[in-house]
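Nothing in this text is a laboratory measurement; each read-out follows from the coordinates by a stated rule. Computed from a predicted structure; not experimentally measured. Methodologically, a virtual Cβ is constructed for each residue, glycine included, from the backbone with ideal geometry; neighbour enumeration extends over all protein chains shown.
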Amino acid sequence: MSIINNHYVWIIGRQIYNVYRSTDFGNNFDSVGYVTGGYEIYTVRFRNNLTGWCGGGGTPAGRMFKTTNGGFTWQQYDNTISCYFGDFWFHNDGVGWAVGSNGVILNTTNGGISYVNQLSSNIPENFKLYQNYPNPFNSVSSIKYQVLKSSNMKLIVFNILGKEVVTLVNEKQTPGIYEVHFDGVNLSTGIYFYSLLVNGKIIDTKKLVLLK
């Protein structure tokens with residue numbers, strides 16, 4: 001259940017995935033949608049009367065979904081982490097967190113296009129960008145990188161013309177190893193490049209291939 005004010009309330013079935021909405025603080029509910037692809041929905045969280053997230057379990061990894069029309073339709077954001085999602089919280093339409101089993105805490109700064117997970121807080125030997133996996137990929141791929149010292153980190157995806165298409169990371173991060181879960185659902189099939197910038201300087205650039 002998610003309540004955002006004294007008017008809007010949503011309920012999603014854990015195993016049935018029907019979405020019910022009330023506009024009178026729970027006195028009456030209407031069936032407004034269905035979470036296609038849902039699997040053991042454990043949580044739903046709306047930020048306003050249009051935008052919300054829900055998530056739960058799945059095989060082999062947890063699944064999360066987002067709606068921008070009040071729960072009528074939901075877009076699945078595939079995930080590669082072996083966990084179930086237990087809760088979401090969003091500061092605004094872009095910045096939010098997802099938490100799940102096995103101590104997983106994911107952060108997004110672009111509304112769910114990508115989620116960042118800190119795998120380790122151990123200080124690595126250098127700044128490093130890894131090849132995304134899988135590659136080629138269909139919809140979702142993971143990108144790992146290392147942060148040597150506290151720095152302003154930026155991870156950007158470009159098309160073959162050199163035009164920036166999405167910023168996956170843009171924040172100050174502490175030393176450690178990070179993993180970004182990139183959802184390319186809004187991009188066309190093709191070849192792209194991604195660059196890791198540290199304090200505005202490009203450290204490395206690699207190629208990824210999106211196939212749909």
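Grab the alpha carbons of the stretch 119-210, take their convex hull, and tell me the volume per residue in Å³.
It is 83 Å³ per residue.
Please grab the % of Cα pairs in the stretch 22-63 that end up more than 12 Å from each other.
69
What lysines could a cross-link reach from K128, if we take a straight Cα to Cα line under 20 Å and drop same-chain neighbours fewer than 8 places away?
In chain and number order, the partners are K144, K149, K154, K172, K201, K206, K207.
By counting other Cβ atoms within 10 Å of each Cβ, how are M1, M153 ranked from fewest to most?
Taking fewest neighbouring Cβ atoms as first place, the list is M1, M153.
Could you derive backbone 3J(HN,Hα) for the stretch 6-23 from the dihedral phi with the Karplus parameters 6.51, -1.76 and 1.60 (θ = phi - 60°), listing whole Hz in sequence and x where the residue is Gly or Pro?
Once θ is set to phi - 60°, the couplings for the stretch 6-23 become 8, 10, 9, 9, 10, 9, 10, x, 5, 10, 9, 6, 6, 10, 10, 10, 10, 10 Hz.
If I take all pairs of Cα atoms in the chain, what percentage of them are more than 31 Å from each other?
Considering the chain, 24 percent of its Cα-Cα pairs are separated by more than 31 Å.
Over all distinct alpha-carbon pairs, what is the Kirkwood Rh of the stretch 2-112 in angstrom?
Result for the stretch 2-112 stands at 13.8 Å.
Please report the net charge: other residues with Cβ closer than 9 Å to the Cβ of S195, K and R +1, D and E -1.
Net charge in that neighbourhood comes out at +1.
Let's see if you can work this out: charge +1 on each Lys and Arg Cβ, -1 on each Asp and Glu Cβ, no other charges. What is the dipole magnitude of the stretch 91-212 about its Cα centre, in debye to the nearest 20?
About 280 debye.
Any idea which of S188, G86, I4 is furthest toward the positive side of the dipole for the chain, if Lys and Arg beta-carbons carry +1 and Asp and Glu beta-carbons -1?
S188
Order of S188, S139 from fewest to most other C-beta atoms within 10 Å?
Lowest count first: S188, S139.
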